[in-house]
Number of protein chains: 2
Amino acid sequence: MAEPSIRPKRRADAERSIARIVSAARALLSSDPNAKTDDIAKAAGVGRMTLYGHFGTRAELVEAALVDALKAGDETLSAVDLTGNAREAMTRLLASSWQIVAESAALLAAAEEVLPAGRIRELHERPVRRMTELVSRGQDQGVFRADLPTTWLVSVVQYILHGAATEIRAGRLAPHDAAEVVTKSVESVLTGQAVKR
Amino acid sequence: MAEPSIRPKRRADAERSIARIVSAARALLSSDPNAKTDDIAKAAGVGRMTLYGHFGTRAELVEAALVDALKAGDETLSAVDLTGNAREAMTRLLASSWQIVAESAALLAAAEEVLPAGRIRELHERPVRRMTELVSRGQDQGVFRADLPTTWLVSVVQYILHGAATEIRAGRLAPHDAAEVVTKSVESVLTGQAVKR
DNA sequence: AAGAAGTCGTACTTCCATGTACGAGCTTTG
DNA sequence: CAAAGCTCGTACATGGAAGTACGACTTCTT
């Protein structure tokens, strides 16, 4: 009751190669955002022609890969318990999030080069909403600061997450410390003791 | 006593067009990181050939533009008073920094596409050093948290700065509020009341 | 088992920006 | 003022990846 909405056609073997292609695309693009369709086809163990048979354009393929990654991420994050104290919930959410972000950073970059910004936002709707709701709830609970707009706070969290991913790739942050560093930083911004001056 | 280190040659004439080219490049690239050499030449009111006469490659040109922007920024930032209380100094530094960052964000993006990451870091040495010293001093003064590495803190500040620039461009943050929002956010991360749990 | 659907190699067309080549004609400079 | 230094138009060479065209062959589906 989940995948084949309205697609009566398409043979089993086609389904199979599509899956291989998408998964190969996701893998390759996640390490090299400039991977060529050619490379992807090869990695998928499929002819370039087959690939073009299913994805008319490179952009479509990239989008499919992103959607796939996003879906996987969403599944992971859906499993996180966000009830109770918002600050603690955030810690849990971040613990699961940062790796996902780190892993798909390159893929995202690839998408940003070929897809309109609006489309990308659209695809990120669920994760963003999840974060937004949590932050907002925290603000209501009085656990998170209310002197800055929710939108901005959510953005900052994302920037910190991506930042950590970058630092790791650049070797300036040990993957081991990432979780702690991210958590602490985010917590400060969200909590934001409006330091008395 | 500043520019012509060792370059006895080059006619006044040439000097002039180089200046126009660099400035045009900086302007164009700051709004469209994909500006073509052709466009830049036109904007500079100079033939494409002239441009190539001075910059053998697009990358060289982009670098020159970045260097120019960085030099200008450095001049502005050098004027900021960083003495006294580190937190207050940081506020002053941010007040001058965020606009510079916002303005040159696209240019930076252009550079990131054609220059090796190392080169870019190298060029940013001064601004980064300035920030690093301030953060570090703040940590010594006990004004900034010491439970996170200086490097990371500096990075976060940069990410927040760039993030704000992005939000502004996307229309999700009013330029008017930028300074406040950035300052508050940065202050929280740096101050980082390690909230008792 | 037969026809539809899918696969895939090879070869080719397009596109487009970067960078080169020439050479005539203007400026500077000293 | 004359040569060295620049400018700049036009035309061409490169290169790389995207996407198209064919056609023979293979695997599903019913």
- Whole-number value, in Å³ per residue, for the convex hull of the alpha carbons of segment A:1-109 is 117
- Copies of A:Ala170 compared via label points 7 Å along Cα→Cβ give distances in nm, shortest first, of 2.1
- Could you list the square roots of 5 times each eigenvalue of the Cα gyration tensor of segment B:123-171, that is, the equivalent ellipsoid semi-axes, sorted largest first and rounded to whole Å? 23, 13, 8
- With +1 at each Lys and Arg Cβ and -1 at each Asp and Glu Cβ, the charge dipole magnitude of chain B around its Cα centre, to the nearest 20 debye, comes out at 220
- Identify, among B:Ala27, B:Leu93, B:Gly138, the residue whose Cα sits farthest towards the positive end of the charge dipole of chain B, taking +1 on the Cβ of Lys and Arg and -1 on the Cβ of Asp and Glu, with the dipole about the Cα centre. B:Ala27
- May I ask for the percentage of alpha-carbon pairs in segment B:62-139 that lie more than 21 Å from each other? 30
- Item | Cα coordinate range in the protein assembly as shown, projected on the principal axes (Å, largest first) | 74, 58, 35
- Item | Simple spin-label estimate for A:Thr57 and B:Lys36 in nanometres, 7 Å along Cα-Cβ | 1.9
- Item | Distance (nanometres) between label positions extended 7 Å along Cα→Cβ at A:Ser96 and A:Ala79 | 0.8
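For chain B, what's the relative contact order in percent, using C-alpha pairs closer than 8 Å and at least 6 residues apart? Walk me through the numbers on the way to the answer.
Numbers: 168 pairs, mean separation 40.1, N = 197.
Once normalised by length, the contact order is 20 percent.
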- Query: Once you put a point 7 Å from the Cα of A:Arg11 and another 7 Å from the Cα of A:Arg121, both along the Cβ direction, what distance in nm separates them?
  - Reply: 4.3
- Item | Expected 222 nm ellipticity per residue - DSSP helices of 4 or more, -39500 (n - 2.57), all of chain B, to 500 | -24000 deg cm²/dmol
- Query: Picking from B:Ala102, B:Ala72, B:Ala25, which is most flexible by a Gaussian network model of chain B using Cα springs under 10 Å?
  - Reply: B:Ala72
- Task: Find every distance from the label point of B:Arg121 to the corresponding label point in the other copies (7 Å from Cα along Cα→Cβ) and write them in nm, one decimal, shortest first.
- Result: 3.4
- Query: Relative to the other copies, what are the label-point distances for B:Ala19, with labels 7 Å from Cα along the C-beta vector, expressed in nm at one decimal and sorted shortest first?
  - Reply: 6.6
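With the convex hull built on the Cα atoms of segment B:48-183, state its orientation-averaged projected area in nm². Don't skip to the answer; put the middle values down first.
On the way: hull surface 37.8 nm².
Computing the convex hull of the Cα atoms and averaging its projections yields 9.4 nm².
All of the numbers you see were taken from the coordinates with simple rules; none came from a lab. The structure displayed is predicted, hence computed values, not measured ones. Note that each Cβ is placed from the backbone with ideal geometry, even for glycine, and that neighbours are counted across all protein chains shown.
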